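The values are calculated or read from the model by the stated rules, or taken from the named source; none is laboratory data. Owing to the predicted nature of the structure, the values given are computational and were not obtained by experimental measurement. Cβ coordinates were reconstructed from backbone atoms using ideal geometry, including for glycine residues, and neighbour counts include every protein chain displayed. What goes into the accessible areas is simple: the full protein's heavy atoms, side chains included, and nothing from ligands, DNA or RNA. Shrake-Rupley method; radii C 1.70, N 1.55, O 1.52, S 1.80 Å.
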Amino acid sequence: MLSLLRCCQRSLSWIPVIFINLIVGWSYYAYVVELCILTIPNNAEKVSYLVVFHLFFIMFIWSYWKTICSRPANPSKEFCLPKVEKEQYEKEEHPDTQQEILKKVVVGLPVYTRTGTGAVRYCDHCLVIKPDRCHHCSTCDMCVLKMDHHCPWVNNCVGFSNYKFFVLFLAYSMLYCAFIAATVLQYFIKFWTNQLPDTHAKFHVLFLFFVAAMFFISILSLFSYHLWLVGKNRTTIEAFRAPVFRNGPDKNGFSLGFSRNMAEVFGDQKKYWMFPIYSSHGDGNSFVTRLVNLDPEQIAVGLQINGKRSFLVCFLSFPIQ
């Protein structure tokens, strides 16, 4: 029964994606056929519109399906409890003792964030110690590295593996809608004022303008918000609830300055920034962070990991206590 319900849930979760694809498919037909081929008389204008339209269309579809098809990244095996500690944890009934077990294991891991009460973040569903910025998605039923949110419009979790693709999807969908609305406007006015013959193309053009304008306004606000998040090096979750380090909450704990924040999502090579090709920094299991009032134990862990994997810790010029 549970498997049947889960199967139905997975099937229904594709409805928003199907809806978006139907809208995009209709917009392609309405713009290419009804507007460009059947309505616009000037060939030069027709060709130039079609070339730019297909450029935005290809980039939009490419980034959209990359966001959908990129599997959410999960914590690596090193964040699983060793066999002995796992048995001890499962047998132990007292939360305080369980935390002591987790604290011994986490000493050798690049984990600096805690729960609101200061406890080690552990997922009882996935049986892993959560890396920094990792959260469990109840919809995907897995822990997702650098989880931002679960997006029903792509039927996927937006996180470390596809956040760049998601931002590009917003950018190109916004440009797609803006271009359609801008080029359709004059013909929308002509149809409205009866300057063009009253054909079936009229209704496609009228609805095309309204739909494009409506989606442009809604996507613009979402795209602006995520650009702000990228500039601050925060996820949507962290924007609502600041990450908690051992010394307390710090909303700017992962911020490294605007240029480095941008590079963490889009990479160092700017020639790849505009393409939905993976170029983000790191592996999602550890992140560059500035740790205020770091204690000696954390320094030792950071130095140990820096020798084993290129894990970098940036220190502010605060005295160590």
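General observations
- Scattering curve values for the chain, log₁₀ I(q)/I(0), Debye with Cα scatterers, q = 0.09, 0.10, 0.12, 0.13 Å⁻¹: -0.59, -0.70, -0.89, -0.99
- Ser13/Asn252 FRET efficiency (R0 35 Å; Cβ-Cβ; nearest 0.05): 0.50
- D (Stokes-Einstein, µm²/s), Kirkwood Cα radius, segment 77-130, 1.567 mPa s at 4 °C: 115 µm²/s
- Mean-square fluctuations from a GNM of the chain, with a 10 angstrom spring cutoff on Cα atoms, peak among Ala239, Ala182, Ala73 at Ala182.
- Just checking the listed ones, Val84, Val205, Val47: in the Gaussian network model of the chain with Cα springs under 10 Å, the one fluctuating most is Val84.
- Segment 225-260 and segment 2-24 have Cα centres separated by 32 Å.
- Number of Lys-Lys pairs in segment 90-177 with C-alpha atoms under 24 Å apart and a separation of 8 or more places or on different chains: 10.
- Span from the segment 50-81 Cα centroid across to the segment 178-222 one, whole angstrom: 29 Å
- Cross-link partners of Lys190 among aspartates and glutamates (Cα-Cα below 13 Å; sequence separation of 8 or more within a chain): Asp198
- Phi to ³J(HN,Hα) by Karplus 6.51 cos²θ - 1.76 cosθ + 1.60 over segment 207-218, Hz, x for Gly, Pro: 5, 4, 5, 5, 5, 5, 5, 5, 5, 4, 5, 5
- Multiplying the residue separation of Thr115 and Trp153 by 0.36 nm and removing their Cα-Cα distance gives an extension gain of 10.7 nm.
- Each residue of segment 17-31 was assigned a 3J(HN,Hα) from its phi angle through the Karplus expression (A = 6.51, B = -1.76, C = 1.60, θ = phi - 60°), giving 5, 4, 4, 4, 5, 5, 4, 5, x, 5, 4, 5, 4, 5, 6 Hz with x at Gly and Pro.
- Ser221 sits with roughly 70 Å² accessible to a 1.4 Å probe, with DNA, RNA and ligands left out of the calculation.
- With 0.36 nm allotted per residue and the present C-alpha distance subtracted, the Asp124-Arg241 stretch has 40.0 nm of extension available.
- Among Leu102, Val84, Asn74 the positive-end extreme of the charge dipole of segment 73-119 (Cβ point charges): Asn74
- Residues whose amide H lies under 5 Å from that of His150, counting only those 5 or more places away or on a different chain, are Val158; hydrogens are built 1.01 Å from N in the peptide plane.
- Note on Lys86 and Arg260: the extension gain reaches 58.9 nm, defined as 0.36 nm multiplied by sequence separation minus the Cα-Cα distance.
- Cα-Cα pairs of segment 29-180 separated by more than 24 Å (percent): 52 percent
- Taking the DSSP bridge list for the chain and keeping only pairs wholly inside it, about 85 percent are antiparallel.
- Size of charge dipole - segment 38-148 - debye, nearest 20, with Cβ of Lys, Arg +1 and Asp, Glu -1, no other charges: 400 debye
- Debye log10 I(q)/I(0) for segment 134-196, one point scatterer per Cα, at q = 0.12, 0.15 Å⁻¹: -0.49, -0.59
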